[in-house]
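Peer 1: For reference, the structure I am asking about is given below.
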Amino acid sequence: MESLDDVIDAMIADRVIHRHRRKWLIAIAIVVILAVVVLFTGGWKEKHGRKVPTLTAPATLTSGRYEYNFTKAEIVRTPKTKYDEAKAELKVYFDVKNVDTEEFTSHNVDGDLLRLISGPGKDLVHSNGADCRGILGWELVYGLPPESCFTKFDIPADFSADMIEVGVLGERYESDPSVLGANDTPYWHNETADAVVQLKPTVVIDDGEDK
């Protein structure tokens, strides 16, 4: 038969075990919660960089219904005059080809597809589309050779940069989600970022005189 001391020792041991078990359960629960939080916030390791490739001009890529070859960039400065303030614009040059093997239709490069990346926390600057053969909004015909074009971005008069970055977005040929009960026939829409192209701009002074 157990003595009173044995019973007391057993009770104390049981309490110690339960107290430590509770601590271990709390610790395990904290670890599990942290693991879940980390999992849903992108993994244990901090992520750096972009989700799309960064290319350096000259660079060729296919995005949506177009194939681009980016070549150069210019910061065009117009000096202040007696009547006008100084201004500047950024021009990015590229060859572009219609590679729409889905609908085989003619189309022009929309200004939403090329965007200037101004910097962290700043809004993207939309382009004015593609100017080819001196015509803004030139229709690119499927099957024809690439056209030499450029696009413009509005920038401050004092803008300067050793390197500029242009985000290239491409439409996707897909149907609307079936849950919407809308059109189930695929078509070009849903612009998605495909790449960032880096270009080193040269400075050009536009003094209004014909070269």
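Every number here is computed from the coordinates shown, using simple stated rules; none is lab data. Predicted, not measured: the structure shown is a model, and the values here were computed from it. Cβ coordinates were reconstructed from backbone atoms using ideal geometry, including for glycine residues, and neighbour counts include every protein chain displayed.
Peer 1: Report the local net charge at E165: Lys and Arg +1, Asp and Glu -1, summed over other residues whose C-beta lies under 12 Å from its C-beta.
Peer 2: The answer is +3.
Peer 1: Follow-up question, since we're still on this one. List, in order, the whole-Hz ³J(HN,Hα) value for each residue of the stretch 109-125 obtained from phi through the Karplus relation with A = 6.51, B = -1.76, C = 1.60 and θ = phi - 60°; use x for Gly and Pro.
Peer 2: For the stretch 109-125, the Karplus-derived couplings read 6, 6, x, 6, 7, 10, 9, 7, 8, 6, x, x, x, 9, 5, 6, 9 Hz, x marking Gly and Pro.
Peer 1: Under a 5 Å amide H to amide H cut-off, with H placed in plane at 1.01 Å, what residues pair with C149 once short-range neighbours are removed?
Peer 2: When sequence neighbours closer than 5 places are left aside, the close amide H contacts are F94, D95, V96.
Peer 1: Turning to a different aspect of this structure: So what's Rg/Rh here for the stretch 59-211, counting alpha carbon atoms and using the Kirkwood radius for Rh?
Peer 2: With Rh from the inverse mean 1/r over Cα pairs, Rg/Rh is 1.04.
Peer 1: Which cross-chain or sequence-distant (5 or more) residues have an amide H under 5 Å from the amide H of K87, H modelled 1.01 Å from N in plane?
Peer 2: T78
Peer 1: Another question about this same structure. Report the trypsin sites (Lys or Arg not before Pro) located in the stretch 78-135 that are in a DSSP loop and have at most 14 other Cβ atoms inside 10 Å of their Cβ, or state none.
Peer 2: K80, K82, K122, R133
Peer 1: Something else: Please tell me which of these pairs span more than 25 angstrom C-alpha to C-alpha: K80/K122; K97/K152; K122/K200; K82/K122?
Peer 2: Correct reply: K80/K122; K82/K122.
Peer 1: Right, something else. In terms of the Cα gyration tensor, with a ≥ b ≥ c the square roots of its eigenvalues, is the stretch 116-176 rounded because a/c is under 1.5, prolate because a/b exceeds b/c, or oblate?
Peer 2: oblate
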